[in-house]
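Here's the structure, in C-alpha cells; my notes come after.
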Amino acid sequence: METPTGGRAAIYTDSKVTIDSLKNHAIHDFLIEKIRYIIRHLATLSWTIHLKWVKAHIGIEGNETADKLAKEAAQGNENIIIAFDRIPITSVASEINRKGLEQLQLQWNNAGAGAVCRSFFPYLVQRLKMNIPITPEFTALGTGHGKPRSYLHRFKLADDTMCLCNERQQTSDHIISDCNLFEAQRGPMINKIEDSEESWPPAKHELTTKYLHAFSIFVKSIDFQKLNRLVKYLELWCQVPTKRTSSE
C-alpha cells in the first residue's frame, strides 16, 4: 500500500522509555532503529511526525485500547496479528542474568562455608545493589575472618579465643552485641535501632540494610590492631616473674 504524500501525524504513547530511546543515538535496538527508519522515510514524503508521552491508565481511549491489544498479544490470543516477534538482546541478557543469580543464590543458600557472611548478606540480588564502605574491619566482622581471636586461634596466631573482656570468645557476634570494651561505641547504634521501635540486637542482615550507616560508624570505631597489641602486652606481662618478697 502506497503512503500518501504530505501531512502531519501525532503519536501518543505511555512508554517514556521508547521516546527517550529514540532520542538517545547511542541506542540501536532493532525495534528502535525500525521506528527511526519509518519516521525518516515519512519525512522524505513531507510528513511531520510528533511523538508525545501521555500518562498511563487515566482513561485515554486510544491508550487503553493499545494496552488491551498488547495484553491479548502477550497472552497468546490467536486472533491478534503479531507485527513484531523479535526478542531484544537486552531482554535475553536480563533473563540470563536473572537465571544466573537464581543459581548462585541456591548455591549460596546451600554452601557449607561462609555462615557468618551469609547471616549478614543472605540475598545476593540485594547485596549487589548495596554501596557498602568496605574496610578491613568491616570485612573481619562480616566474615568472622582475619582479625577476631576466635579466627586467629585456629591458625595458632593467638594463644586462645578469649576476648580481652574475659567474658566470651572474641567472635563477630560478641564484638557487635555485648563486648563491654565497645559499650560506648555501640550506644549510638543501639539508640538508632530502638528509636525505630526495634529490639536489640536485630538480625544481622538488618545491620547491613536498614541500619547500615549506624553499623558502619560502629565498625569504623573498632581498632583491631590496638586491641591485639594490648592482648600481646598483657600476655607478655603475665609471663614476667614476680620479685621475691622474702629472703632465702
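Bear in mind these aren't lab numbers, they're just calculated from the coordinates by the rules spelled out. Values in this document were obtained by computation on a predicted structure and should not be read as measured data. All Cβ positions, glycine included, derive from the backbone under ideal geometry; neighbour counts span all protein chains shown.
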Considering only DSSP states other than H, G, I, E and B, which trypsin sites (Lys or Arg not before Pro) in the range 126-179 qualify as loop sites with at most 12 other Cβ atoms within 10 Å? Lys129, Lys156
Loop trypsin sites (Lys or Arg not before Pro), the range 15-121 (other Cβ atoms within 10 Å of the site Cβ: 10 or fewer; DSSP): Lys55, Arg86
Using the charge dipole of the range 115-238 (Lys, Arg: +1 at Cβ; Asp, Glu: -1 at Cβ; taken about the Cα centre), state which of Met189, Pro148, Phe218 has its Cα farthest towards the positive end. Pro148
What helices does the chain hold that run 24 Å or longer along their axis, going by alpha-carbon atoms, with a Kyte-Doolittle average of -1.0 or more, using DSSP H for the helix calls? 89-110
Globularity ratio of the range 134-197, using Cα Rg and 2.2 N^0.38 Å: 1.22
Using every alpha carbon pair in the range 7-86, what percent of pairs falls into each 5 Å bin from 0 up to the bin containing the largest distance? 3, 12, 18, 20, 24, 16, 6, 1
Taking the convex hull of the alpha carbon atoms in the range 115-238, what volume per residue do you get, in Å³? 104 Å³
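Please compute the Kirkwood hydrodynamic radius of the chain from all pairs of different C-alpha atoms, in Å with one decimal.
Taking every pair of different Cα atoms in the chain, averaging 1/r and inverting gives 24.8 Å.
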Excluding residues fewer than 8 positions from Lys68 in its own chain, the lysines with Cα under 24 Å of it are Lys16, Lys34, Lys52, Lys55
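For the range 87-192, which GluC sites (Glu not before Pro) are in a loop by DSSP, counting at most 15 other Cβ atoms within 10 Å?
Values: sites: Glu95, Glu102, Glu137, Glu167, Glu183; in loops: Glu167.
Counting only loop positions with at most 15 other Cβ atoms within 10 Å, the GluC sites (Glu not before Pro) in the range 87-192 are Glu167.
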So how far, in whole Å, is the C-alpha centre of the range 153-182 from the one of the range 186-226? 18 Å
Within the range 115-238, how many lysine pairs that are 8 or more places apart, or on different chains, have C-alpha atoms less than 28 Å apart? 23
What relative contact order, as a whole-number percentage, does the range 115-238 give when Cα pairs under 8 Å and 6 or more residues apart are counted? 25 percent
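How large is the helix-only mean residue ellipticity at 222 nm for the chain, computed as the sum of -39500 (n - 2.57) over DSSP H runs with n ≥ 4, divided by its residue count, in deg cm²/dmol to the nearest 500? Numbers along the way, then the final one.
On the way: 13 runs with 130 residues, N = 248.
It comes out at -15500 deg cm²/dmol, rounded to the nearest 500.
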